[in-house]
Structure formats: C-alpha cells, structure tokens
Amino acid sequence: MKLITVGSVAFDAIETPFGKTNKIVGGAGTFISLASSFYVKQQGIVSVVGDDFPSETIDLMNSRGIDTKGLQIKVGEKSFFWSGKYHNDMNSRDTLVTELNVLEHFDPIVPDSYQGCEYLMLGNLSPQVQRTVIERLNIRPKLIAMDTMNFWMDIALDELKKTIALVDVLIINDEEARQLSGVYSLVKAAKIIRNMGPKYLIIKKGEHGALLFHHEEIFFAPALPLEEVFDPTGAGDTFAGGFMGYLAASNDSSFENMKRAIIAGSALASFCVEKFGTQKLTEISSESLNNRISEFEKLTSFQTK
C-alpha cells in the first residue's frame, strides 16, 4: 500500500452564485483519494459512512485503485452531511447545516492490509482521530501529511498541537496559519509552526496560489486564473490529494519534488472548482491534466535578459 487517506466520505449540499445542488457526494477523504488516484493506484481510505451512501461511488473508488476495506458502512445510520452557501467573492461561505451522524463516534479502524503504507494523508478530522490512525500503524510511514482547520484551533488546540508534532507536512490556509501562530506575517508564522514539529509547511492562499516552507527555503506556486469558478468546495482537499499522490507515485519527498507535487495538486484543484462536487474529478483525462500542468509552467517561466 503506497498511500492511505483518512478523511470524511460524505454528502454536501451547495449553493453558489452559479447554482445550487441537492445532496451530492463530498467529503475530504473522497476528494483527496480521487485526486491522488491520478498518480497512485495502490492506495486505501479510512473513513465511515451510513448505509445511505451510494454503492456506485464506492465502486467508482475501487475502479480508480482506491481500496475501501477501511471504509466502514454503518447499517441503519446516516452519513455525514454538510450544507453551505458561498458569497459572491466565492472565498467566504456560511454553513447552513452540519450533521455529524456516523462521524460523531468515528473509531478509525486500520485494516491489516494497510499496515506498512509508505505515505499517509490525514484529511481534516478531529486531531484525536488523526493521531489514533498514526498510533495504529505498526510502522511509521515515510511521510505523514496533515490538513486541519480553525474549528479545531478554537475547540481542541492542545490536542491539535499534539498531533501536529507527529507529522512531516502540515497543510493549512493563510487564515489558519495566522491563527495557529499568532502572528500576521506568513514567513514568521511558518517558522513558529515548523517549530511545533512539521519539517514542511504548505500555506494555501486560494485563488492566489500556495507557499511551501522548509528550513530557509520558500517556494511559491501560483493559482491558474480561471474564467469561472462554480464551486470551491473540496478544492483544498483535491490539492492535498494531488500533492500526496504525486509524492507517493514518484517515491521522492525532497523539497525539489514537493515543488512539482504542489503544481500537480494545484492543477487538479483548478479542475475541481469548474463543476459542483466531485463531478469534474471523474471527467479529467491524463492528457487534459498534463496540458493544465503545462499552463502552470508557462505562468512562472520567464527570462531576465
């Protein structure tokens, strides 16, 4: 097993200035694993759903090389559900409904066949659940990456710091980096956060790209300017999935390769926002992904003379 993803597999209902959906498939674990499947096939997912979750989506995961032995199906219970409405700027949103359902008492079970995994991606869940998965692996993976959010900083900061201390890469957005560090400058924030444990820090800046920090090295990846953004839900998770999938497939976690992995994740995220939910991730061809990556290369290619 090259890669394990831990994260929610769930339902979303989304409203943006471009339209509105009823209940559709979402969840951090879903976006991460589908995105990483463009690069790595030997992967598994640890999550939980109710028996209301569509078997067609599980079949899709399996067809993409995503092992679902670690996906618990709770009979007689409902899957996690989130509903939100985005504002006109598409960067801010209001949560309308959150129903934890099966996630409320989620105990992450790691199948025996997942032991010995080389890469671990901890999607946004409670820091206790994230740490439990690390503790249940017999052998520490080569690289552990983690996503989190300001909600856990508000209600479980001590638990969050314990988990952050165990990971190699922390992936958060600029607002979260400032809250976690207590400073406004992202360069200063990166130093403070890396002193908490992670060797690498990725700070996502939405439509303004992403920053990678390691020791004194900094890499900036732009976001691709898009004519239309239909739904930003899952873009950050898609980015993380592409990033980790690329690293796992190349089996190279050097700073230089992480630069390439960030571009891979950014390219997939730029597709994700073009349609609601996970739909676009099921439609991308390898050729279109490679072409999109080439567009990113053109954005940053220049000569001084």
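The values are calculated or read from the model by the stated rules, or taken from the named source; none is laboratory data. Because the structure is a prediction, the values reported are computed rather than measured. So basically every Cβ, Gly included, is an ideal-geometry build from the backbone, and we count neighbours across all protein chains shown.
Just one of the numbered conditions (1) crowded, with 16+ Cβ neighbours inside 10 Å; (2) over 24 Å from Leu281 (Cβ atoms) is not true of Glu104: (1).
Scanning region 142-162 for residues that are touching a Gly at 6+ places or on another chain (Cβ under 9 Å) and surrounded by 21 or more Cβ atoms within 10 Å (Cβ to Cβ) gives Met146, Asp147. Please work out if Thr238 is buried (at least 24 other Cβ atoms within 10 Å of the Cβ), of a type in the set (S, T, N, Q) and at pLDDT 95 or above. Judged against the criteria, Thr238 is a match. Ala267: aliphatic (A, V, I, L, M), more than 22 Å from Gly44 (Cα to Cα) and assigned to a helix (DSSP H, G or I), yes or no? When the stated conditions are applied, Ala267 passes them. Scanning region 39-84 for residues that are of a type in the set (Gly, Ala, Ser) and closer than 27 Å to Tyr246 by Cβ yields a total of 5. Checking each residue in region 278-305 for being assigned to a loop (DSSP other than H, G, I, E, B) and surrounded by 15 or more Cβ atoms within 10 Å (Cβ to Cβ) picks out Thr278, Ile284. Residues that are surrounded by fewer than 24 Cβ atoms within 10 Å (Cβ to Cβ), under 18 Å from the mean Cα position of the chain (by Cα) and closer than 30 Å to Thr21 by Cα occur in region 175-189; there is at least one. Note on region 1-92: enclosed strands (runs of 3 or more DSSP E) holding 1 or more residues that are touching a Ser or Thr at 6+ places or on another chain (Cβ under 9 Å) and among the polar types (S, T, N, Q) are 3-6, 10-16, 43-50, 71-74, 81-86.
Residues in region 246-277 that are of a type in the set (S, T, N, Q) and over 17 Å from Gly206 (Cα atoms) were compared, and the one that is surrounded by the most Cβ atoms within 10 Å (Cβ to Cβ) is Ser253. Of the residues that make up region 196-209, is at least one within 22 Å of Tyr119 (Cα to Cα) and of a type in the set (Val, Ile, Thr)? Scanning region 196-209 turns up at least one residue that is within 22 Å of Tyr119 (Cα to Cα) and of a type in the set (Val, Ile, Thr).
Scanning region 40-55 for residues that are in contact (Cβ under 8 Å) with a residue 24 or more places away in the chain, surrounded by fewer than 21 Cβ atoms within 10 Å (Cβ to Cβ) and farther than 27 Å from Glu135 by Cα turns up Asp51, Asp52, Pro54. For region 233-242, the criterion of a residue being part of a helix (DSSP H, G or I), acidic (Asp, Glu), closer than 29 Å to Ser185 by Cα and touching a Gly at 6+ places or on another chain (Cβ under 9 Å) is satisfied by at least one position.
Residues in region 190-222 that are under 21 Å from the mean Cα position of the chain (by Cα) and among the charged types (D, E, K, R) were compared, and the one that is nearest to Ser270 (Cα to Cα) is Glu207.
What are the pairs with Cβ atoms under 6 angstrom where one residue, in region 56-67, is modelled with pLDDT of 95 or more and the other, located anywhere, is part of a strand (DSSP E or B)? Sequence gap at least six, or different chains. Final answer for the pair search is Thr57/Val25; Ile66/Gln43; Ile66/Ile45; Asp67/Gly44.
Would you confirm whether any residue within region 199-219 is surrounded by fewer than 16 Cβ atoms within 10 Å (Cβ to Cβ) and in contact with a Ser or Thr (Cβ under 9 Å, 6 or more places away or on another chain)? Scanning region 199-219, I find no residue that is surrounded by fewer than 16 Cβ atoms within 10 Å (Cβ to Cβ) and in contact with a Ser or Thr (Cβ under 9 Å, 6 or more places away or on another chain), so the answer is no.
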